[in-house]
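Report on one structure; see the data block that follows.
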């Protein structure tokens, strides 16, 4: 569990650095020549870190522990003395980042969510998920407004990277889609960055 917390703290440090770069870009966006990093680049950096962390967690922690019979990853991990599923690992780290007050948010979404909280929340998210049937390797981006604030939002396709993803979604009683295969696009990872 200490390894999981170390991953989360390291991720928070990197995300804070990337958010600082995005804020610098936002502060200078009104000038003729911006000197910060474009929000598209920041989103790509954040996505690369999140994707790498989840892949390592899936392959080097969950799959290895389960293969050795040490501990399993299950949906109700808090009550069963188990590991969180890789999607839950990402969702819980996203919650920690959101609670940090830095304004950045990320989450997993799907057109076929097991739980409605993972359905698209905006038109941009829905259009992004629909676009992945044609262009799954290109992020879908745009500007969204919430209250008086504007945010840059990037949605990246999220593929079934392990058989555990496929088995969970295909067998879950609340899953509206039960014919996923390895490497199928199951949904998207949304990264939302404040612009002001």
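Would you mind ranking 158, 179, 44 so that the residue whose beta carbon has the fewest other beta carbons within 10 Å leads the list?
Ordered from fewest to most neighbouring Cβ atoms within 10 Å, 158, 179, 44 come out as 179, 44, 158.
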For an R0 of 22 angstrom, estimate the FRET efficiency from the Cβ-Cβ distance between residue 167 and residue 68 and round to the nearest 0.05. 0.75
Could you please rank 55, 145, placing first whichever residue has the fewest other Cβ atoms within 10 Å of its Cβ? 145, 55
Size of the stretch 111-196 along its principal axes in angstrom, Cα-based, largest extent first? 42, 25, 18
Would you mind ranking 114, 193 so that the residue whose beta carbon has the fewest other beta carbons within 10 Å leads the list? 114, 193
Between residue 182 and residue 138, what is 0.36 nm times their sequence separation minus the Cα-Cα distance? Round to one decimal in nm. 13.9 nm
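Throughout, read-outs are computed from the coordinates displayed, never taken from laboratory work. Quick caveat, the model's predicted, so the values are computed rather than measured. Using ideal geometry, Cβ is built from the backbone for each residue, glycine included, and neighbour counts are taken over all protein chains shown.
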